[in-house]
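K.L.:
Below you will find the structure I want to go over with you.
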Amino acid sequence: VSALTITLGTVGLMTLYGDTSASEFLEVLAVAEGFAAVGLVIGVLKTRRAAAPLVDWMREPRGGEAALAAWRTAVSLPRQFVLRTGWLPYFVASFPITIFSTWLLDLPWWNVVILLAGVSVAIGYAIVLHFFASELAARPVLKEIARHLPEEFSSPPLGASLRLKLLGALPLINIVTGVVVSALSVTDRATLTDLGLDVLVAVGVAFTISFELTLLLTKSILAPIDDLLEATDRVKQGDLSARVPVLSGDELGQLAGSFNEMLAGMQERETLRSAFGSYVDPGVAERVLKEGELLEGEEIEASVMFVDIRAFTAWADNASAREAVAYLNDFFDTVVPILGEHGGHANKFIGDGLLGVFGAPERHADHADRALAAACAIAVAMDGRVEVGIGVNSGPVMVGSIGGGGRLEFTVIGDPVNVASRVEALTRETGDTVLITEATRCLLDGEDVQVEPRGEVPVKGKSEPIPVYAPKLPLGRDRNIGGEALFSS
């Protein structure tokens, strides 16, 4: 409809430059509207083929590659419309209309050039109008498609850039405005030569006086946006210290200020996250950050490990507090990463020992293998420098957040935990570094696991003695879990 309306207005303005009868006006208008309609039909058909992925998605909305293809099509369609059909009005409408008008009105042949110049202004206006109208029409569709896109999706450079839109549209608007104002101001004696002069003057003004204002306006809009893009790229690379200078008090200035506030919040959150991860196992911290502060209790199969430094209390009696803390930190700096490498985590630090858990909160079907491999890795890492005792047990435990008064702690409770603690204490009696229970041994999957029975021993809290085993050390130099060697040879 807009194309036909623009055609009507163009023909009407042309008739102001000369003596044209009503019948001649209607004849030229009929031919012009006919050729314009033909050009529109051809343009729609050509664009329809390019819009096939979008049409297909609208029939059956879905995610995945189909949503990505539909998004790319919807974003690039206005630009494709201009590139694919922008030349059509010149060949399908402009030349036939100007030639017909020159013949019908018995004008000199060189008036074809003037008419083409005037029609070109109208066609340029129509193209820009359809481009922006297409972008606006596509936005509701793009919003719907966006619901099916991945959360991490970011826009690739498609369509026309904002710089091109401003530098292309604003001068053209000035040209159209100048030509229309000139046409509406003509006298009865105006000719097509005057039209040619009006077009030249409008173009000259648009690309001199007005173009300077256009450049300044473009820079004032794009400079803050470029700053935002640069800061966003830095944030993508992990730099949360990026900030955007607030250069104005308008909407762009408000956007820059909001962006800076958002980054300050993210930076504070990351600081808390880092501190949180220092006091809570990173795996548990991730679960809490994703699921909220409360990890609901549940019963799962897991393996539990107690690690304790032998004779630490006697040593600490003769050491300063600073020396004792430094000693423990050095010890845990070695032990905790080994737990993490095998899929476990340090659940609790208990004086000179710790409680390690495998299979919670992250599930591992081979939690027993992982726990034993980690225990042996710790024993090898100590290499006689530190005498430790390690007890490993497996079974159903309760895991979840326990606490009150505003403080919660992710922990594991249950009989297997108590037994693991008792088994660790038994290492002092057997002289072994690592002891595992029958429950853990039965879950081991590796054929190369070699353990020596230590008989059935009474355990506090158990009515019957339980069998315990000592793995032969070093275990697993060639053993793999998850495809990676546990120990280097």
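K.L.:
Mind checking which aspartates and glutamates have their C-alpha under 13 Å from residue 460, skipping anything on the same chain fewer than 8 residues away?
P.N.:
415, 424
K.L.:
Can you compute the modelled spin-label distance between residue 160 and residue 221, with each label point 7 Å from Cα toward Cβ, in nm?
P.N.:
Distance between label points: 1.1 nm.
K.L.:
A further question follows. Take residue 243 and residue 262, extend 7 Å from each Cα along the Cα→Cβ direction, and tell me the distance between the two endpoints in nm.
P.N.:
Taking the two extended label points, one gets 1.8 nm.
K.L.:
Ordered by packing density, taken as the mean number of other Cβ atoms within 10 Å over each peptide's residues, highest first, how do 97-107, 170-180, 204-214 rank?
P.N.:
Taking the mean over residues of other Cβ atoms within 10 Å, the ranking is 170-180, 97-107, 204-214.
K.L.:
Which loop-located GluC sites (Glu not before Pro) does region 126-155 contain, where loop means any DSSP state but H, G, I, E or B and the Cβ has at most 10 other Cβ atoms within 10 Å?
P.N.:
Hits after loop and neighbour filter: 151, 152.
K.L.:
Starting from the Cα-Cα distance between residue 341 and residue 298, subtract it from 0.36 nm times their residue separation and give me the gain in nm to one decimal.
P.N.:
13.0 nm
K.L.:
Mind ordering 22-29, 122-129, 50-57 by average Cβ neighbours within 10 Å, highest first?
P.N.:
For the peptides 22-29, 122-129, 50-57, the packing ranking is 122-129, 50-57, 22-29.
K.L.:
Projecting each Cα onto the charge dipole of region 2-207 (Lys/Arg +1, Asp/Glu -1 at the beta carbon, about the Cα centre), which of 122, 61, 102 comes out farthest on the positive side?
P.N.:
Of the candidates, 61 comes out farthest on the positive side.
K.L.:
Follow-up. If I stretch the segment between residue 445 and residue 146 completely, what's the gain in nm (0.36 nm per residue apart, minus their alpha carbon distance), one decimal?
P.N.:
103.0 nm
K.L.:
When the chain is fully extended, how far beyond the present Cα-Cα distance does residue 318 get from residue 66, taking 0.36 nm per residue of separation?
P.N.:
Full-extension gain reported as 83.7 nm.
K.L.:
While we're looking at this one, here's another question. Can you tally the net charge around residue 14? Count Lys and Arg as +1, Asp and Glu as -1, for every other residue whose Cβ sits under 12 Å from the Cβ of residue 14.
P.N.:
Net charge in that neighbourhood comes out at -3.
K.L.:
Also, quick follow-up: Taking the Cβ of residue 107 as the centre, find all other residues whose Cβ is under 13 Å away and add up their charges (Lys, Arg: +1; Asp, Glu: -1).
P.N.:
-3
Laboratory data are not the source of any read-out in this text; all were calculated from the coordinates shown. Everything numeric in this text was worked out from a predicted model, so none of it was measured. Note that we place each Cβ from the backbone using ideal geometry, even for glycine, and neighbour counts take in every protein chain shown.
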